[in-house]
Amino acid sequence: MECFLILEDGTVFKGCSFGARKPVFGEIVFNTGMTGYQESLTDPSYRGQILTMSYPMIGNYGVNKEDFQSDGVHVRAFVVREMCELPSHRLKTETIHEYLVNNDIPGIYGVDTRALITKIRQHGTMKAAVTTSKDHEKIVNELKAMGFPSDDNLVAEVTCKKVERYEGGSKKHVVLIDTGLKLNIQNELVKRFTVTKVPFNHSPDDIRKLKPDALFITNGPGDPSHPEMMATTVRTIRELHQEMPVMGICLGHQLLGLALGANTFKLKFGHRGANQPVGKDGRVFITSQNHGYAVDDKTLGGTGLEVTLINQNDKTVEGMRHKELPVFSVQFHPEARPGPHDTMFLFDELAKMMEAKPCR
């Protein structure tokens, strides 16, 4: 069936429908990874967004049960150049089309994704719709009138609903604040520690009652400076960061910056892919990333934080460490292991901090 991707500036990309058939609205973004579409679809950080893949053929290895990063699909729609109908992989259980149908997520293929991504890079992230409607003027007017998904507290939609405990690789106890958790992060922590996962709005006193040896803040969607985030997770980090070691990843990195007095800002089109170079002082790592906001390095004065890693493309902050306290964070995803020299050692850094400064 004929399908359309419509941008808020009136640009229309024509393609064909796959997955569920229903109109959706969201924020159009792109990912430059050659693989990992299943992980991206199930990454809570994509909540509220219409995801475009830059790699031309998607679905060639199907969908399997081992690579999910959450218990559902979080993108609002999926945009690809070519959708593979006959995947080949020993672990596949269904095609990408079947997977989207089963999760009620629409897709559009046959789109000139190269032209689309070029437009996003030139004009910045925009609101967009995927629809089979031919009343494009009406859709454009609706897009102009709607707000961005990040106007809502998207973290509240993806956080866990109750406290959960996981017995892990040691008796050292980490409280994980779930602001949109990727399961690989949880898996890496459980390999090393006993982990208690709590919702984003768990109070500082309730966390203290759990008697943690460290605090961990996860990835997640939306604007880190949303008022509800400032009143909950940011406040909690601010209260607890002097009592125990703290580590943050992605959104957790941004929330940590806000908690200690820095500011964040929205990037023009974000960093999403498995090929972002990050480094400092002559050493560079290739990292996996998925974020649309960054910590403003010009506002770090007086926070006690110093920059440890920088994005080699646009020079934004990719890592921070407190000058005196056992507190640090990274903007990228070490658990994703993009290679060639991975950054899994960062989880071990947290363990070293816990040994050096137990919280009790």
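The values are calculated or read from the model by the stated rules, or taken from the named source; none is laboratory data. Since we're looking at a predicted model, the values are computed, not measured. Here the Cβ positions follow ideal geometry from the backbone for every residue, glycine too, while neighbour counts run over all protein chains shown.
Name the residue that is surrounded by the fewest Cβ atoms within 10 Å (Cβ to Cβ), counting only residues in region 308-326 that are under 15 Å from L255 (Cα atoms) and in contact with a helix residue (DSSP H, G or I) (Cβ under 7 Å, 6 or more places away or on another chain). Only one residue tops the list, namely V317.
If I ask for residues that are modelled with pLDDT under 95 and either among the small types (G, A, S) or at positive phi (or both), which ones from region 300-339 would you list? Residues satisfying the conditions are A336, R337, G339. Pairs meeting the criteria (first residue in region 129-150 and under 28 Å from G222 (Cβ atoms) and free of Cβ contacts under 8 Å to residues at least 24 places away in the same chain, second residue part of a loop (DSSP other than H, G, I, E, B) and of a type outside the set (D, E, K, R), beta carbons under 8 Å, at least 6 apart or on different chains) are lacking.
Going by the conditions given, is F269 more than 30 Å from P212 (Cβ to Cβ), modelled with pLDDT of 95 or more and not assigned by TED's automatic domain parsing to the domain that holds E39? Working first, answer last.
On the way: more than 30 Å from P212 (Cβ to Cβ): yes; modelled with pLDDT of 95 or more: yes; not assigned by TED's automatic domain parsing to the domain that holds E39: yes.
Yes; evaluated as a whole, the condition is true for this residue.
Restricting attention to region 216-264 and to residues that are closer than 19 Å to T308 by Cα and without any contact (Cβ under 8 Å) to a residue 40 or more places away in the chain, the residue that is surrounded by the most Cβ atoms within 10 Å (Cβ to Cβ) turns out to be A259.
Counting only strands (runs of 3 or more DSSP E) wholly contained in region 1-81, the ones carrying 1 or more residues that are over 26 Å from T93 (Cα atoms) occupy 2-7, 12-19, 24-31. If I filter region 160-179 for residues that are in contact with a Lys or Arg (Cβ under 8 Å, 6 or more places away or on another chain) and within 23 Å of T52 (Cα to Cα), do I get at least one hit? Within region 160-179, none of the residues are in contact with a Lys or Arg (Cβ under 8 Å, 6 or more places away or on another chain) and within 23 Å of T52 (Cα to Cα). Confirm whether V63 is more than 25 Å from K268 (Cα to Cα), without any contact (Cβ under 8 Å) to a residue 40 or more places away in the chain and of a type in the set (A, V, I, L, M, F, W, C). In short, yes. Of all residues in region 165-175, none are crowded, with 17+ Cβ neighbours inside 10 Å and within 27 Å of Y109 (Cα to Cα).
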